[in-house]
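> The structure under discussion is supplied below as structure tokens; questions concerning it will follow.
Bear in mind these aren't lab numbers, they're just calculated from the coordinates by the rules spelled out. Only a predicted model underlies this, so the values are computations on that prediction, with no experimental measurement involved. Neighbour counts run over all protein chains shown; Cβ positions are idealised from the backbone, glycine included.
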Ligand code: ZN
């Protein structure tokens, strides 16, 4: 990075630390930013800072929101007794986009991965179990990804919930193995949801 001045190099370095941004893209973005007006850069930086400072976990479902309770948890028209368990907020958004699921969610923020050293205590699983104790729940739909980690997590959760007598289902594996939920089209998602089986 010796071709650039210190300030530019620093900007490129920061940008290349973002997921999916390689060295080339980081350079392109850096020069794009330098060409933006002061106001545009301020808006961009401000949006990042404001989101970081104001977005927190919904105290019930742990999705990312800027309120105590997210709009889905607050919505009385949704079936509050049906909880879909997803790995992250992007997966929740993927199901919301189908517009066909009217239950509520629980966001784990990860999946169990012995290989990466991520255990049950590292995801929002204890919080799910606490919810099941305090809320009246008819069904827990496990919609973790069909990756090894997602399947491990699904199995682990179903074993925990089974003794409570609450119905536990798993979305159908029409979802390609290793596929991230957010990249799967709505039709496939719906088919996976409709074809769910009891564990
Ligand atoms: Zn919520």
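> Taking the Cα atoms only, what angle lies between the long axis of helix 125-134 and the longest principal axis of the chain, rounded to 10 degrees?
40
> Provide the FRET efficiency to the nearest 0.05 for the residue 197-residue 14 pair, computing r from the beta carbons and using R0 = 45 Å.
Given R0 = 45 Å and the Cβ-Cβ separation, E is 0.45.
> Give me Rg over Rh for the stretch 40-199, both radii from the alpha carbons and Rh done the Kirkwood way, two decimal places.
My calculation puts Rg/Rh at 0.98.
> Hey, what angle do you get for helix 6-16 against the long axis of the chain, alpha-carbon based, 0 to 90 degrees rounded to 10?
So the inclination is approximately 20 degrees.
> Taking Cα centroids, how far is the stretch 147-162 from the stretch 73-139 in Å?
13
> Starting from the 7 Å offset along Cα-to-Cβ, what nm value, one decimal, do you get for the label separation of residue 148 and residue 36?
Computed distance between label sites residue 148 and residue 36 equals 3.9 nm.
> Please compute the Kirkwood hydrodynamic radius over the stretch 2-44, one decimal place, Å, based on all pairs of different Cα atoms.
This gives a value of 10.7 Å.
> Let me ask something else about it. So what is the relative contact order for the stretch 28-125, in percent, with contacts set as C-alpha pairs under 8 Å and at least six apart?
It rounds to 19 percent for the stretch 28-125.
> If each Cα of the stretch 64-151 is one equal point scatterer, what is log10 of I(q)/I(0) from the Debye formula at q = 0.13, 0.20 Å⁻¹?
These q points yield log10 I(q)/I(0) values of -0.43, -1.01.
> Give the residues of the stretch 1-22 whose amide nitrogen is closer than 19 Å to a point set 7 Å from the Cα of residue 48 in the direction of its Cβ.
Those under the cut-off are 5-22.
> Once the Cα atoms of the stretch 88-134 are picked out, what are the Rg and Dmax in Å?
For the stretch 88-134, the Cα-based Rg and Dmax read 12.8, 35 Å.
> Just grab the label-to-label distance for residue 3 and residue 28, each label 7 Å out from Cα along the Cβ direction, in nm (one decimal).
1.6
> Given the Cα atoms of the stretch 24-77, and with Rh set as the inverse mean 1/r over their pairs in the Kirkwood sense, what is Rg to Rh to two decimals?
My calculation puts Rg/Rh at 1.24.
> What order, most packed first, do the peptides 39-51, 88-100, 134-146, 115-127 have when packing is the mean number of other Cβ atoms within 10 Å of each residue?
Output ranking for 39-51, 88-100, 134-146, 115-127: 134-146, 88-100, 115-127, 39-51.
> Convex hull over the alpha-carbon atoms of the stretch 1-122: what's its volume per residue in Å³?
So the per-residue Cα hull volume is 176 Å³.
> Would you mind telling me the antiparallel percentage of the DSSP bridges in the chain, rounded to 5?
30
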